[in-house]
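Below: one structure, written as structure tokens.
The values are calculated or read from the model by the stated rules, or taken from the named source; none is laboratory data. Remember, predicted model here, so these are calculated numbers, not experimental data. With ideal geometry, Cβ positions are generated from the backbone for all residues, glycine too; neighbour counts draw on all protein chains shown. Note: accessible area is taken over every heavy atom of the protein model, side chains too, but ligands, DNA and RNA are not part of it. Shrake-Rupley method; radii C 1.70, N 1.55, O 1.52, S 1.80 Å.
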Amino acid sequence: MYHKEKSIQIKNSASALYNNLGVLRIAPRSLTYFTVVHANVVNMVSASWDGLNYSHRQLQSKEPNVATSTSLIMQAAFCALPSRDLLVVTSQKGIQIYESDGSTMVYWHALDTPDTPTDQAVFARGISAVGKSYMCWRFICKGSNITLSDVLKGHKKSITDIASECSGSQDCIADLISADDGGNLCVWKSGEEFQRFNNIPGFDISCTSVKLWKGTAVAGYGTGQIRLYEAVTGILHAEVNAHARWIYSLDIAPFSGLLLSAAEDSLVRVWHLSIKPESLSVEVAHLHNECVTDTQICGAKFCDGDGHAFAVTGYDLSEIIRYTQS
């Protein structure tokens, strides 16, 4: 179903972080942007669709007016809003927001860190765009102005991932979901005031990656399982023993319903999600496997909304591996 394409080389190897791959398709310019985190650096590659031209950029985690910083980056992801596309970088010190090509930092938000060390680490993690003008950690972005609007509280353990409704459906009651290290899910409705609709309890096993598609929450866990819930009610539709080790990344191609899962077991799997009209239950079918030998996979993303191609990163690999439908 998929075959391997020429890999894209990056300046540094990928860190062992959940969801360590960002992809943004720029159709008017026939380009795709990729981001991979290494320690306190974001490796960014701009790749032309014909595979002939590549340009590289590196973004460092640093606070304003500070020459150097050892602050580790936790995640880098693109946020596609109706008015503009942005690159968001989260770290131990705060949140940096750049233009999508990484050329200019347009906003910096410092985390409130305690003056004295505690037994709890402080860092920012979990990035998503939702609605017309919100990015989570819930920033309002209108034109060139970016301001912090609100801070939402719903988790007792550290947040691992945040995702918005990717199908574009206006009928979904909830349009945002967040996950934490205890496996708990919080389901939200965005707006001028965000509302928390539901809490889906976990099993004290980290939920490492989460997606929201047509009202269905798709969650990947440290057990290697994928669970599909009706987001608003918390009803479990399906549980799949997808991988032998920790899942590090999930992604959904919203137009086709293809689901991508990647884990420490060196496997990338492609699934198909479908909703039965009579019962509104969700069915899962396995379609394809790819094995990246002897590699702890830490990032996997579809490169387009139909799932015609996907890309993969692995711990200590200095390349982005790409696959395309045959």
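Checking each residue in the stretch 295-326 for being among the aromatic types (Phe, Trp, Tyr), over 15 Å from the mean Cα position of the chain (by Cα) and open to solvent by less than 50 Å² (accessible area, probe 1.4 Å) picks out only Tyr323. In summary, Val292 fulfils each of the numbered conditions (1) touching an Asp or Glu at 6+ places or on another chain (Cβ under 9 Å); (2) at pLDDT 95 or above; (3) open to solvent by 10 Å² or more (accessible area, probe 1.4 Å) with the single exception of condition (1).
If only residues of the stretch 91-128 that are farther than 18 Å from Gln58 by Cβ and either open to solvent by less than 20 Å² (accessible area, probe 1.4 Å) or in contact with a helix residue (DSSP H, G or I) (Cβ under 8 Å, 6 or more places away or on another chain) (or both) are counted, the one that is modelled with the lowest pLDDT is Ala124.
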